[in-house]
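I have placed the structure first, in the form of C-alpha cells, so that the comments after it can refer back to it.
The values are calculated or read from the model by the stated rules, or taken from the named source; none is laboratory data. What you see is a predicted model, and the numbers here were worked out from it, not measured in a lab. So basically every Cβ, Gly included, is an ideal-geometry build from the backbone, and we count neighbours across all protein chains shown. These accessible areas exclude ligands, DNA and RNA; they are computed on the full protein's heavy atoms, side chains included. Shrake-Rupley method; radii C 1.70, N 1.55, O 1.52, S 1.80 Å.
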Amino acid sequence: MNRIATLGAGLLGVILTTGCFETPGGDGNATGPIYRHHFLGGAELKKGTNATTLLAVAALPRTLELRRHVIAKLARTPQQLWTNRLPASAPDQSALLAPLLDDLLVAESLAEVRGSTAAAECLLAVQLNDTRAALWSTNLWKVAAAWHLGTPADISVPGGKGWEARQGRQIVQFLRSGGWVLLSLGQEKPKLAPELAQQIARTGRPAPKLEDSFLKLTLDFPRLAHWFPGLAQYRLPLTELTYRGRGENVRLEGRLLFSQNLPLKIEPWKIPVEAIRDPVASFTAVRGVAALLTQSPGMAATRLNPIPNQFCLWGTRGRFAQTQLSFPVRDGTNTLLHLRSTLPDALNLYFDKGTVNVVMPSNRTELMFRTVPIIAPALRPVRLQNQDYLLGSLFPRLANTNRAPAELFAQLEGKTNLVYYDWEITEQRLLHGRQLYSVLNALQRRQNHPPSAPTVMWMTNAAPLLGNTVTEISQTGPRELSLVRKSHLGFTGFELASLARWIESPGFPLTHEPPPRLAATNRVEQPPRPIPGRSAPARPQPARPPGAAP
C-alpha cells in the first residue's frame, strides 16, 4: 500500500473522535509548520528487523496493485488543487508525476509547508541517486513549461544548483544539493530550499537521520482547513504523530494540541461487564464526551437530558458485523420511552425519511429499528449492579453464559486520565467494517464497490495477517491529548475500511464522496456474507486480550 498516503492518514478516525473539541477558527500553531513529514524511506525500512508485519503486507502482490492505483490518483491531485491558477488548456501531466511519487515510497524524504496560508512556501527534499534526480529535473521542467508556470532558467545557490521558473509571484525552484533533490513552491523568493542546500553542504543531510522511528508527521489541521474546506467541518486540532517499529508491530505515539482548554469531565467508568460476552472481537470505552456529543446534530435531535458522558462498544467474533453499544442513564425505561418519540427526527438527519422506522413491541420494553432486511437493530434498558444502561445491538443477541475476560476491563483501572481505550482483533473488525459499510450503502441505496476494486482485493488479502490492535488516548494537559497505539499497520479495522472507501471516492484525496446511488429500478445490494471458515482469525490469536499499549 502507499505507505505515505496511508500512514499520513492514519488515526483519522481517532482524531475525528476528539477533533470537535477544537474551537471554530482556531489557528493551530501559526509560527510552526502547517505540514511536515520526515519518512525514513521504504528501502531503509526493509533493512531493519522491526515492523515485520507491515513489511509483509507491503510485499503482497495486491499491495503493489493498490499502490499503483493510489499513485495514479495522487498524480492528478496537483492539477486538481491548482485548477484556478492554471490555464484552462493545461494538459494532464500525471504520467510525468507518477514515477516521482513512486520514489517517495522508496527514498528518504522530508516535506514542509511554512508561512501564512495566503502565501505559504512548500518544500520537498528527497534523497536520490543521479539517475533518479535527473528524471525529477526533466519531468518537473516539462510540467512547469506545459502548465505555463514560467520559462525554467538555470540558477546557482550556495550548496546547490538547479533551475527556477517564475510566473508572476508564483515560483517553482528545483535544486540538486549533494545526494538530495530540493523542490520548492511558493509565491515569494524561496527561503527553505537555499537554507537546506547550505545545511546539506555542511552536514550531508537536510535534517538528522531518523534513528528510533520511520515516520514523523505534523499536521496543523486548523490552518490546513483553509486549503481543504472539507476539513473545516471537523475542526481537527494540531496533531503530531510518530511511527516506530517494534518487533512485528508498529507503535504509534501522538499528541493532539488544542487552541483552548478541553471541556472534558472525566468520571468513573461505568461498564456493563455482565452484558459483555465472549467471544469478543473488540472492546471500546470512551468517557468525558458529553461536551463533544452536544455538538452533534443527531444527538441534539434526541433531546436527551443529560447527554451521555461515556459509552462503550464491543464486537462479537464470528458474527456478521455484530456490534453492541451501551451508555449509562438515570432511568432506563423512561429514557427509552423518551427516545421513542425523538429518535425518528434524529435518524432522518442521516437517512432518507422513512428509511428507518422506530417501533416498540407491545409485549416488551424495547425499541426496534425496522430497516432493510439485513440487520435488526434494537435498544433496550437494563439494570446491572445498581446502574441503569441502555443497550443497543445490530442483531438479535445470542444467549452466551461466558463473560468477557476480566483482563480486558482491567486495562481501564488505575488510569485516572484515560479517556479512550480500544482493543480489537483487526482482521475481524476489518471484515465487520466492510460489512457495515455495505449495510450503510443498502440503507442509502448506494452501490457497493465491485469485488475487483483494488482496495477490496487488498483488504481480502491483507486481513489474515492482522492481529491485535490496542489504542489509548489520555488527557496529558489542559489543552492536550496523548495517544499510544500498538498494531500491525497503524490502523484499526474500521479505519482501514474507511480509508479504502475514501481511496475509491472520485475526489480522492481532496474530497470524500460516497458511492453513487443505485438506479430506481435496481434492487438493494446485499452486503457480503462472512467468508466460510473465516469466522475466527486465520492466524493464532491470544486467548485473552493483551495488556495496554506499552
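Of note:
- Projecting label points 7 angstrom from Cα along Cα→Cβ for Ala43 and Thr138 puts them 1.8 nm apart.
- Estimated vicinal HN-Hα couplings, Hz - the range 411-426 in sequence order (Karplus 6.51, -1.76, 1.60; Gly, Pro = x): 5, 8, 7, x, 10, 5, 9, 6, 10, 8, 9, 9, 10, 7, 8, 5
- Ordering Leu192, Thr365, Pro297 by Cα displacement along the dipole of the chain toward the positive end leaves Thr365 in first place; charges were set at the Cβ atoms of Lys, Arg (+1) and Asp, Glu (-1).
- With only the Cα atoms considered, the range 277-317 has a convex hull volume of 83 Å³ per residue.
- Hz values of 3J(HN,Hα) by residue in the range 293-305 - Karplus curve (6.51, -1.76, 1.60), Gly and Pro given as x: 5, 5, 7, 7, x, x, 5, 4, 5, 6, 6, 6, 8
- Only protein atoms count toward the accessible area here, which uses a 1.4 Å probe; on the chain, the carbon and sulfur part of that area reaches 54 percent.
- Amide H contacts of Thr476 (H built 1.01 Å from N, in plane; Pro and chain starts excluded): Leu481, Ser482 sit under 5 Å, all sequence-distant by 5 or more or on other chains.
- Per-peptide average of other Cβ atoms within 10 Å, ordering 151-157, 416-422 highest first: 416-422, 151-157
- Helix 130-146 and the longest principal axis of the Cα set of the chain meet at an angle near 90°.
- Among (1) 71, 59, 36; (2) 126, 89, 50; (3) 83, 54, 47, the entry derived from the coordinates for Cα extents along the principal axes in Å: (3)
- Across the chain, Cα pairs under 8 Å and at least six residues apart give a relative contact order of 15 percent.
- Largest-first principal axis extents, alpha carbons of the range 221-262, Å: 39, 25, 13
- Which listed pairs, of Lys46/Lys161; Lys47/Lys486; Lys209/Lys415; Lys142/Lys189; Lys46/Lys486; Lys265/Lys486, have C-alpha distances above 29 Å, in listed order: Lys46/Lys161; Lys209/Lys415
- Relative counts (whole %) of C-alpha pair distances in the range 197-351, using bins that are 5 Å wide: 2, 7, 9, 11, 14, 16, 15, 9, 5, 4, 3, 2, 1, 1, 0
- Rounded tilt (10° steps) of 493-503 against the dominant C-alpha axis of the chain: 50
- Residue-normalised accessible area of the range 83-191, expressed per residue, 1.4 Å probe, Å²: 47
- Long-range HN-HN contacts of Leu384 with modeled amide H, under 5 Å: Tyr389
- Nitroxide proxy distance, nm - points 7 Å out along Cα→Cβ at Gln447 and Ala119: 4.7
- Length gained on full extension, Lys191 to Arg364, computed as 0.36 nm times the residue gap minus the Cα-Cα distance: 55.2 nm.
- Extension gain, Ala300-Ala72: 0.36 nm per intervening residue step, less the Cα-Cα distance, totals 77.9 nm.
- Taking the Kirkwood radius as Rh and the Cα radius of gyration as Rg, the range 170-270 has a ratio of Rg/Rh equal to 1.10.
- Each residue of the range 465-481 is assigned a 3J(HN,Hα), and the resulting list reads 8, 9, x, 7, 10, 10, 10, 10, 10, 10, 7, 10, x, x, 10, 9, 10 Hz, derived from the Karplus form 6.51 cos²θ - 1.76 cosθ + 1.60 (θ = phi - 60°), x at Gly and Pro.
- Cβ-Cβ FRET estimate between Phe228 and Arg383, R0 fixed at 51 Å, reported to 0.05: 0.65
- Qualifying trypsin sites (Lys or Arg not before Pro) in the range 281-334, where qualification requires a DSSP coil assignment and no more than 10 other C-beta atoms within 10 Å, comprise Arg330.
- Those GluC sites (Glu not before Pro) in the range 339-439 that DSSP places in a loop and that have at most 10 other beta carbons within 10 Å: Glu413
- In the range 127-228, the convex hull through the Cα atoms has an average projected area of 8.0 nm², a quarter of its surface area.
- Amide H contacts of Val280: Arg317, each under 5 Å away and 5 or more positions distant or on a separate chain (H built 1.01 Å from N in the peptide plane; Pro and chain starts excluded).
- Taken over the range 317-450, the ratio of Cα radius of gyration to 2.2 N^0.38 Å equals 1.20.
- Protection proxy ranking, highest mean first, for peptides 292-298, 481-487: 481-487, 292-298, where packing is the per-residue count of other beta-carbon atoms within 10 Å, averaged.
- Extension gain from Thr416 to Asp154, taking 0.36 nm per residue of separation minus the Cα-Cα distance: 88.3 nm
- Degrees between helix 192-203 axis and first principal axis of the chain (Cα, 0 to 90, nearest 10): 80
- Extent along principal axes [Cα atoms of the range 111-154; Å; largest to smallest]: 35, 27, 16
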